Amino acid sequence: MHRYSKKVTLLLLLFFTLIACQSGPKFSDVVNKDWKLMEVHIDSKDIGFNRDTLEEEGFGEIFTLRFDDGEKRINGVAAPNRYFSPYTVADKQAIAINTMAGTLMAPLHAPEKLKEHDYFTYLQNTYKWNLAGGKLELHTKTEDGADAVLFFITDAKK
């Protein structure tokens, strides 16, 4: 009987471990938080976007993102325009962000490694989200179809 209870305990432990591993990140951990873009990778290569340089130059409040859970829309500041767009989330971390709307200001400063137009393209082509190690990952495509990932954090300090 003692051997039987050990086997049952082991099976239950294995069962609950598998269930815990299958439960991925929750979108509720993403919404209603202010995110700042930290990195951009195209075809797994970092394009050299540098948040620290932006902060040093006084432009730390560009390329921000917020998912509003109540209105189901994103909003933020690009470089320099404020923007917003509806979004939808589906199973298996699928996400769709609609066409951007926003202000039409001319930039005083545009980072060399990331243009506002490209940022909007990446957001509008986003098809999957993930939350890993405290970073929000948006998986997307460039205009010419290359794979890209945008990495955001809630605190600009790495």
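Descriptive notes on the structure:
- Residue list for the range 61-87, filter: loosely packed, with under 15 Cβ neighbours inside 10 Å and not charged (D, E, K, R): 70, 86
- Each residue in the range 45-61 was checked for being touching a residue at least 24 places away in the same chain (Cβ under 8 Å) and in a loop (DSSP other than H, G, I, E, B), and 7 of them qualify.
- Qualifying residues in the range 83-120 (those that are under 17 Å from residue 67 (Cα atoms) and polar (S, T, N, Q)) - the one farthest from the chain's Cα centre (by Cα): 99
- Qualifying residue in the range 127-137 (condition: touching a residue at least 12 places away in the same chain (Cβ under 8 Å) and in contact with a Lys or Arg (Cβ under 7 Å, 6 or more places away or on another chain)): no
- Filter result for the condition that a residue is within 23 Å of residue 109 (Cβ to Cβ) and touching a helix residue (DSSP H, G or I) at 6+ places or on another chain (Cβ under 8 Å), over 81, 50: 81
- Search result, residues across the range 88-109 that are surrounded by fewer than 16 Cβ atoms within 10 Å (Cβ to Cβ) and either modelled with pLDDT under 95 or part of a loop (DSSP other than H, G, I, E, B) (or both): 90, 91, 92, 98, 99, 103, 104, 105, 106, 107, 108, 109
- Those strands (runs of 3 or more DSSP E) of the range 115-158 in which at least 1 residues are acidic (Asp, Glu), out of contact with any Gly (no Cβ under 8 Å at 6 or more places or on another chain) and modelled with pLDDT of 95 or more, considering only elements entirely within it, cover 135-141, 147-153.
The values are calculated or read from the model by the stated rules, or taken from the named source; none is laboratory data. All figures in this text were calculated on a predicted structure; none of them were measured in a lab. Glycine also receives a Cβ, built like all others from the backbone with ideal geometry; neighbour counts cover every protein chain displayed.
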